[in-house]
Each structure stands twice: as structure tokens, then as C-alpha cells.
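Working notes for the structure below.
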Amino acid sequence: MTDYAGLVSAAGAMQRRQMYADPAVYEQELERIFGRCWLFLVHESQIPQPGDFFRTFMGEDDVLVVRQKDRSIKAFLNTCTHRGNRLCRADRGNAKAFACNYHGWAFGTDGALVNVPLEKDAYFSEIDKSRFGLVEVDQVASYKGLVFGCFDRNAPSLADYLGDMKWYLDVWLDAQPGGSALIGETQKVELMTNWKLPVENVCGDGYHLGWAHAGAMKAVQSMDFSGFTVGNASVELEGGLSIAGLNGHSVLATVDGVSGYSFYPDNAGILRYLEQNRPTAIERLGRLRGEKLWGSQLNLTVFPNLQFLPGLNWLRVYHPKGPGRIEQWTWAMVENAMPADIKQRILDNQLLTFGPAGLFDNDDGDNLAACTEQSRGWRTRQLDVHTNMAQGRSGARPGLPGDIAVGVVSEHNQRYFYRRWQEHMAAADWRAVPQYNLNSLQDAKDLAHVG
Ligand code: FES
Ligand SMILES: [Fe+2]
């Protein structure tokens, strides 16, 4: 196994461009990152009833997630165990069983092989059907509505994998009774980019907001978002925090309790919702999260490929399709406590900004594709790219888990994202992957040199 950890510098501040284009690096990512980490599968709200199923991907593996009769959730490789045909072709639905198109083998929602055509006449009743059930994803677990799967039996539990990130996830997942849901259809976009580039773009790159999105910001009249001016002429750093050191997970946060909704052309109704429901959020989350984080723009990243953005209210997963291609799947996120008109407003706004034809998404797509393309040439791929902004300026903050840099323009989170990538790529298995328990905040100080 080649050691690709050297493609990232020790502090995560420099990356060799080869890592965005080399098929061999990508192959190792499929094994050591997508084959090892907990990956987002579905939101429980998308498969509420027994028999409900949802088709997704773990890395490049086609996966079928199915709500069981006892309401638990199982996930299977979506491939027939006879001759390997794709089993289910629908994206989602409700089924009593799954029958293969090729020769008609049928599997129950629990994965058991339940029917083999011509079992008596052609197999002479000698086939042991119990040997040919669907292959289950090794681990499936939920955290407050988000369902994850993992191919590695030796991975830490989902709760441990998320670690201190749960404290930040709860700002969205647990602020109001009833939790969250995803609404609308899956918005699928194919982008010719390496999967790491959109993740780092959203996890930490506040630098591009006032520049790449200047036109979009002007169009939705959110020129004051977190102290940005259109064209990056200035930014008030105290308007936000970059929070990382969370085992590859990270948070980009404004901290004023309302600015997430500054992207909405007419947000009076949403601001009223925040005002009316803030006492509940404070009761459930405490003053710091209820006042400062709930309603703020938060970019939450769960390593490696899940991001959700309370405020802009979308949740997205990036499915890699080779070193230079992804499918980006997006949904609008709502709190179940929201009235119907606010939910509709959120869906409309999400489509306007970060939908398939969204103003902001189109700004990003071209930049990400070009950065990927510019990593391919024989000479160019030997060059480095940089995330060295505000290095060494992070530390612990009372009451907040993680290693924290001031401002959402710092490249701090990207460094930690690449550090985690490096740690996984260097490790033969989970035993060699360091776990930082930042509950104590002590580890955050130990890691401060990384920033
Ligand atoms: S490949 Fe599915 S029944 Fe033969
Ligand atoms: Fe962007």
C-alpha cells in the first residue's frame, strides 16, 4: 500500500495537487476513508413506514436502506447475490419484497432470499436459500434522525465517531421538540470535481464568500451577511468562528442567532419563528447554543462527505464517482416544529440559492471543476496548493468544544479536514487512527499547534 499521507504537509496547510486527480490515491480513499468511516445514508423522516426504502451510495457501493417491520433500519448492498445485477432501480418507495430483473430472485425487506423461480425444476430443490441473502452493511446506526452506515466492524460506535461534534449537531437536531426532517425530492447534480474540494469549500472556506458569491449575494440582498462586504473589501472577523479539531468534523459559525436567515429575500416570518421559539431552544440547549448558535449560519461537516447548513437549511452528501467526478445530493432541511408556510419558504430559498440551478451553487461548481482539472497535468500535478491563512492563531474557548479560530475567513477548518484525511490514509486500520476526545478541551490545547 503506497503511503499517500505525504501529499498533505504536517500541519495540513499544503496539499500536493496529485491528490485531486490520481486514480491510485482515489482507490486508497475508497478503502481507507469510505470503506472505514461512518457515512450518511438517509434521514429517518425519508423512510417512516415499514417497507419504505431509499437507495443511496457508500463510496461507490450502491446501497439500499430499508425500514423493517419492527421499525429498525437495515442497509444492504443493492446487488443481487445470483449473478450480480442491480437489485432495486427505484430511488425510493415502499416495497414488500425486491425482485431482480434478470432471473427473478426475490428478497424480503429483511434481505432474506425468499423466492427462486424454478427452484424445484431447475435447482432440484437443492439450493440453500439461507446462504444467498442480501449482503448487509456491517453497521447501521442513527443519531437524532440522521442514519449512518459503516463497512468496518472495528470502527468506533457512531456516537464515539461523532464525538464532540454531537454538541454542535444538536443545535439543529435537538433545538425544538420533534427534531428535524428533510423535505422535497433529492436534488442530484453531477460535478466534474474531486470530492474533497466541495467538502473543504463548505467546511472552512469563508474566504470565497464575498468574492466568488458577490453577485449572488447582491441578488439576494444579503450584503451584510456576517460582516462581509461584496467584493471582499472587508470583513468583521468577530462575526464568526471556525471550529475544528473534532476528528475531522468541523463547524463554521456566525454567532448572532439570526444571520443564517439573511439569505432569504423576505425573512420576516422566519425571524418571528426564531423569536417565538428561542426560549425553547435555550431551555433545551442552554444559553450559549440557544442564543448564539441557533438561528445563526452554521456550516456543519461530518467527515468525510456530509454537510448541513442550518440557516441556509440544506443537507448535502457528496458521492464520489472517480477521482474527478461526484454526484452531489441535496435536500431542504426543516424543523418539524416549523409552520407549513415557513417550511415552504425554506424549500423555495434553498432552491434559489443552493439548488441545481441555485445562484450560489453555480458560482462554486465552476471553480471546483477548474481546480480539479488544474490538478491533472503531468507538470501541474506536482505543484502544491495552500490553506495557510491565519495559521497558528487558534486555541480553546471556554464552553466550546474544539480548536477554535476567530472568524469564518481563516482556512483553519480546511487544515483539520486534510489532517484527518492524512491520518486515515496513513493508518492500516482503525487502531492506528488517532481519536481526539475534546470533551475535556485539553486535547484542543494539545492540538493548537496544528491550527
Ligand atoms: S442476477 Fe438476479 S436473479 Fe439472476
Ligand atoms: Fe460557495
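Where a number appears in this text, it was derived from the coordinates with a stated rule and is not lab data. Keep in mind that what you see is a predicted model, and the values were worked out from it rather than measured. No Cβ is skipped: glycine too gets one built from the backbone with ideal geometry, and neighbour counts run over all protein chains shown.
Selection among 171, 300, 79 by position relative to the dipole of the chain gives 79 as farthest towards the positive end (Cβ unit charges, Cα centre). Each of 114, 270, 208 was placed along the dipole of the chain (beta-carbon charges, centred on the mean Cα), and the one lying farthest toward the positive end is 114. Rounded to the nearest 20 debye, the dipole magnitude of the stretch 164-450 is 480 debye, with +1 charges on Lys and Arg beta carbons, -1 on Asp and Glu beta carbons, and the Cα centre as origin. Computed from backbone phi with θ = phi - 60° and the Karplus coefficients 6.51, -1.76 and 1.60, the 3J(HN,Hα) list for the stretch 94-110 is 10, 9, 8, 7, 10, 9, 7, 5, 7, 10, x, 4, 10, 10, x, 5, 8 Hz; x is used for glycine and proline.
Taking a ≥ b ≥ c as the square roots of the eigenvalues of the alpha carbon gyration tensor, the stretch 40-141 is prolate, as a/c is not under 1.5 and a/b beats b/c. Residues whose amide H lies under 5 Å from that of residue 396, counting only those 5 or more places away or on a different chain, are 404; hydrogens are built 1.01 Å from N in the peptide plane. Footprinting exposure proxy ranking of 36, 376, fewest other C-beta atoms within 10 angstrom first, gives 376, 36.
Residues in the stretch 404-411 carry Karplus couplings, in order, of 10, 10, 7, x, 9, 10, 8, 6 Hz; the curve used is 6.51 cos²θ - 1.76 cosθ + 1.60 with θ = phi - 60°, and Gly or Pro positions show x.
Charge dipole (Cα centre; +1 on Lys/Arg Cβ, -1 on Asp/Glu Cβ; no other charges) of the stretch 40-141 amounts to roughly 280 debye.
Normalising the Debye intensity of the chain to I(0), with uniform scatterers on Cα atoms only, and taking log10 at q = 0.12, 0.13 Å⁻¹ returns -1.03, -1.20. Remark: the stretch 302-420 carries a charge dipole of roughly 520 debye about the Cα centre, counting +1 on each Lys and Arg Cβ and -1 on each Asp and Glu Cβ. Sorting 127, 243, 326, 73 from the fewest to the most surrounding beta carbons within 10 angstrom yields 127, 73, 326, 243. Residues 129, 188, ranked from the fewest to the most other C-beta atoms within 10 Å, line up as 188, 129. Phi-derived couplings, Karplus 6.51 cos²θ - 1.76 cosθ + 1.60 at θ = phi - 60°, listed residue by residue for the stretch 182-193: 9, 10, x, 7, 6, 9, 9, 10, 9, 10, 8, 9 Hz, with x used for Gly and Pro.
The mean sequence distance of close C-alpha pairs (under 8 Å, at least 6 residues apart), as a share of the length of the chain, puts its relative contact order at 22 percent. Restricting attention to the chain, lysine pairs at least eight places apart or on different chains and with alpha-carbon atoms under 14 angstrom apart total 5. Isolated cysteines in the chain, defined as those with no second cysteine Cβ under 4.7 Å, comprise 37, 88, 150, 203, 371.
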